[in-house]
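Every read-out reported here was derived from the displayed coordinates using simple, explicitly stated rules and does not represent laboratory data. Everything quoted here is computed from the prediction, not taken from an experiment. Heads up, the Cβs are rebuilt from the backbone with ideal geometry, glycines too, and the neighbour counts pull from every protein chain shown.
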Amino acid sequence: MCKKAVTLFVVLVMLLAVFTGSALAYKFALVVHVAGTPFWIPVIKGAEEAGELLGVEVQFMGPEEFSVEREVDYLETAIAQGFDGIGVAISDAEALDEPIARAMKRGIPVVAFNIDDPYTPNERMAFVGQSFTIAGNVLGRELLKDEEIPANAEAVVLIGEPGNAALEERCDGIEDILDERGIPHERFSAPLADPSTAVDMMKSYIRAHPNLKIIAASEFATAFAGMAMKELGMEPGKLLLAGFDLTPDHNQMIKEGYVKFTIDQQPYLQGFQTVMLLYLYKEFGLSPTDINTGVAVVGKDDIDQVVELAEAGYR
Amino acid sequence: MVALKLKKKSFKMRALGVLIATIALAVLFSIANSNFLSPYNLLITVRMASELGIIAAGVTLLMVAGEFDLSVGSTYALSPMVTAILYSNFNVPIIFAVMVGLMLALVLGFINGFITTKAGIPSFITTLGTMLIYRAVVLVLVGGMPIKIRSQALISDVIGGTIGELFPVAIIWFLFFIGISYYILEHTAFGNKIRATGGNKEAAIAAGINTTRVKIITFMFVSFLAAFAGLVQCFRLGSVAPLNGRGFELQAIAASVIGGTSLFGGFGTIIGTALGVLITGMIKNGIVLLGVSVYWQNGFLGAILIAAVIINTFISKRRR
């Protein structure tokens with residue numbers, strides 16, 4: 001038995017050695033705060049395709065569920081294991097400061113992507129992604145544009161991960177516009193990772209709020225709100241819905257007219273450009289600069305084309 | 001030869017099994033990537049295990065006493081959150097804020113123990129309930145936003161700083177609490193009472209042991225450790241996020257079980273738990289090292305957990 005165990009061990013080691021050997025010029029890490037959502041699929045594709053173009057290995061990492069402390073663990077691991085460059089979603093304005101500073105001190109360039117830390121000191125070299133408060137503003141304005149809002153209308157703002165600074169900022173941005181228009185609003189949280197529960201919760205919420213006219217999400221929970229409307233037998237357009245990001249459910253609800261539009265932050269670019277910036281810095285010493293990946297409003301008219309691109313992994 | 005001598009005492013055998021597994025994993029990782037053995041990477045690996053390790057030490061004591069605490073992850077967030085709020089929003093001196101956080105933890109642990117023993121319901125249920133309640137309190141307190149806690153005070157360095165450039169104090173606290181828990185379990189009368197309470201409650205009562213008291217004190221100790229681990233983390237990172245520590249309850253139990261702790265009480269070693277925790281840290285580190293998809297991480301942990309329990313069962317059967 002002992003012999004067998006030793007043989008197995010040796011084979012495993014050899015397999016590992018084969019798998020982990022790499023001859024590429026650089027090895028970059030992309031570190032995120034929640035790896036278990038479909039959002040990252042285009043980000044990873046963008047990063048990998050940039051890697052292929054440049055001859056760079058890209059490794060994507062992060063905790064399955066939203067966790068700042070576990071993200072720090074991954075970041076520190078990447079620093080300790082000698083990655084040549086790191087892209088990181090700064091999910092907490094404090095917690096990632098020190099490890100990022102440490103990486104920079106050790107000569108590992110760090111570029112923020114997806115979420116930035118603009119209000120407090122942070123040593124990251126640049127940011128690739130969306131400006132969240134402004135994106136929230138855009139959503140609010142776009143949603144209310146050309147719509148007649150009854151005087152007693154109420155709004156709800158959905159936040160699937162309370163405590164996620166990016167989503168909180170988008171909510172703030174949306175609420176700024178609702179305040180401007182004098183529309184009363186409150187926040188509600190439907191679990192993003194559990195669609196059937198989320199749909200049930202949205203059904204109860206809609207039933208309990210007869211004056212509800214607007215559902216704005218800081219993420220893609222509007223998909224669940226749309227399904228809830230459908231299950232309640234409401235006409236598309238009876239409530240005004242808009243959210244963020246492209247997911248299959250969300251896209252379908254836009255097609256059917258339940259959700260007016262979604263705002264796409266073009267995540268493919270976030271992966272692609274982050275790798276590009278790191279590479280250009282390593283290879284030619286070019287300083288990384290901020291890249292705004294945009295606020296692309298996707299409504300019923302564009303959705304088919306966008307879905308095609310999403311299926312290919314680009315949107 | 002050494003192994004033969006140890007065979008007489010199965011608990012040592014179990015710890016030896018985990019030790020071998022720990023070394024085997026380390027060898028595997030270092031062959032796959034030489035970076036694994038770099039001092040900095042080893043430090044990070046142990047550091048990643050430290051906070052969980054502080055909690056797991058207590059969780060092992062509690063499991064030996066025949067009870068579970070699923071609320072440790074929530075306490076790990078709630079106590080430091082109260083400390084951070086008192087310090088950052090109410091300007092309470094940091095040392096008092098820390099003390100309030102730790103005392104709160106003792107209260108939380110007392111609630112767990114009191115409900116479990118007085119109402120006579122399984123601690124699995126009590127602490128499942130308090131896990132949800134304590135977490136809800138955290139979210140109600142801060143509405144989902146993380147709270148900053150940057151202090152220049154000595155105490156923040158002592159609890160969660162670094163020695164020199166790189167050496168995290170967390171590792172020292174991990175060793176310290178492992179040491180304390182080891183001493184309690186192996187070398188004190190209270191340790192014997194814990195083991196008797198979890199091993200055979202009726203016999204323990206017959207022997208004059210106040211099992212209720214033993215359990216409540218152990219619950220309080222676990223909560224204290226969870227809160228302390230939370231403070232280590234929050235001083236290290238400079239902020240407390242309301243969702244911190246989710247999943248720690250099961251990871252702590254997993255680490256204890258990998259280390260040979262029985263799910264049915266009465267049996268467990270702190271050394272085994274420390275190694276179990278190191279294994280979880282090595283898996284976290286090794287996943288990145290091997291370039292394997294991070295989605296595998298918990299899968300590996302699960303496989304090792306099951307393998308460990310099968311081996312432990314095998315060893316104890318052979319012994320009979």
Within the range B:88-119, what residues put their amide N at less than 20 Å from the label point 7 Å along the Cα-to-Cβ vector of B:N210? B:106-119
Put +1 on the Cβ of every Lys and Arg and -1 on every Asp and Glu Cβ in the range A:132-264; which of A:M201, A:V157, A:H185 then has its Cα farthest towards the positive end of the dipole? A:M201
In the protein assembly as shown, what percentage of the DSSP-assigned beta bridges are antiparallel, given to the nearest 5? 20
Any of A:K238/A:K260; B:K215/B:K284; A:K45/A:K255 with alpha carbons more than 21 Å apart? Name them for me. B:K215/B:K284; A:K45/A:K255
Separation of the B:A136 and A:A312 label points, Cα + 7 Å toward Cβ, nm: 5.0
Between the helical axis of A:195-208 and the dominant principal axis of chain A, each derived from Cα atoms, what acute angle in degrees is found, rounded to the nearest 10? 20
Relative contact order in percent for the range A:132-264 (Cα pairs under 8 Å, 6+ apart) equals 25
Under a point-charge model restricted to the Cβ atoms of Lys and Arg (+1) and Asp and Glu (-1), what is the dipole moment magnitude of the range A:187-315 relative to its Cα centre, in debye to the nearest 20? 500
Could you pull out which residues in the range A:279-307 have an amide N less than 16 Å from a spot 7 Å beyond the Cα of A:K255, following the Cα-Cβ vector? A:299-307
Got the relative contact order for chain A handy, in percent, Cα pairs under 8 Å and 6 or more residues apart? 19
How high is the relative contact order of the range B:21-319, in percent, with contacts defined as C-alpha pairs under 8 Å that are six or more residues apart? 34
Which of B:S223, B:S123, B:S50 ends up with the largest GNM mean-square fluctuation for chain B, with Cα atoms connected below 10 Å? B:S123
Förster-model FRET efficiency, 45 Å R0, B:I172 and A:L286, C-beta, rounded to 0.05: 0.60
Residue among B:G272, B:I205, B:L28 farthest towards the positive dipole end of chain B, charges placed on Cβ: B:I205
Among the aspartates and glutamates, which fall within straight-line cross-link reach of A:K282, defined as a Cα-Cα distance under 14 Å, with same-chain neighbours fewer than 8 residues apart omitted? A:E57, A:D84
Here, trypsin sites (Lys or Arg not before Pro) of the range A:86-116 satisfying both criteria (DSSP loop; at most 11 other Cβ within 10 Å) are A:R106
Cα centroid separation - the range A:268-315 against the range A:26-62, whole Å: 12
How far apart, in nm, are the 7 Å Cα→Cβ label points at A:D176 and B:N91? 3.1
Show that you can apply the helix-only estimate: for chain B, add -39,500 (n - 2.57) for every DSSP H stretch of four or more residues, divide by all residues, and state [θ] at 222 nm to the nearest 500. -25500 deg cm²/dmol
Using DSSP to define loop residues, name the trypsin sites (Lys or Arg not before Pro) in the range A:204-289 whose beta-carbon has at most 15 other beta-carbon atoms within 10 Å. A:K238
Nearest-0.05 FRET efficiency for A:L53 and A:S196, computed from C-beta distance (R0 45 Å): 0.65
When the label point is put 7 Å from the Cα of A:L232 along its Cα-to-beta-carbon vector, which residues of the range A:244-264 have a backbone N closer than 15 Å? A:258-259
With a cut-off of at most 13 other beta carbons within 10 Å, and DSSP calling the residue loop, which chymotrypsin sites (Phe, Trp or Tyr not before Pro) in the range A:74-176 qualify? Please list them. A:Y119
Specify the residue with the greatest mean-square fluctuation among A:V32, A:V88, A:V199, computed from a Gaussian network of chain A linking alpha-carbon atoms under 10 Å apart. A:V199
Once you average over the residues of A:81-88, how many Cβ atoms of partner chains fall within 10 Å of each Cβ? 2
Would you work out which of A:A296, B:A57, B:G161 lies farthest towards the positive end of the dipole of the protein assembly as shown, given +1 charges on the beta-carbon of Lys and Arg and -1 on that of Asp and Glu, about the Cα centre? B:A57
List A:L241, B:L132 from most exposed to least, where exposure is judged by having the fewest other Cβ atoms within 10 Å. B:L132, A:L241
Dipole in debye (nearest 20) - the range B:21-319, about Cα centre, beta carbon charges: Lys, Arg +1; Asp, Glu -1: 380
Put in order of increasing Cβ neighbours within 10 Å, starting from the fewest, A:H33, A:H250, B:H187 give B:H187, A:H250, A:H33
Report, in degrees rounded to the nearest 10, the 0 to 90 angle that the Cα long axis of helix A:2-20 makes with the longest principal axis of chain A. 70
Centre separation in Å (Cα based) which lies between the range A:142-176 and the range B:82-111: 35
Using Cβ contacts closer than 10 Å as the measure, can you line up B:F228, B:F176, A:F39, A:F244 from fewest to most? B:F176, A:F39, B:F228, A:F244
Label model pair B:A153, A:K105: point-to-point distance (7 angstrom along the Cα→beta-carbon line) in nm is 2.4
Most mobile listed residue (B:T269, B:T280, B:T212) in chain B, GNM with C-alpha springs under 10 Å: B:T212
Provide the gained length on full extension for the span B:F314 to B:I23, in nm with one decimal, where the gain is 0.36 nm per separating residue minus the Cα-Cα distance. 102.7 nm
About the Cα centre of the protein assembly as shown, how large is the charge dipole given +1 on each Lys and Arg Cβ and -1 on each Asp and Glu Cβ? Please answer in debye to the nearest 20. 4260
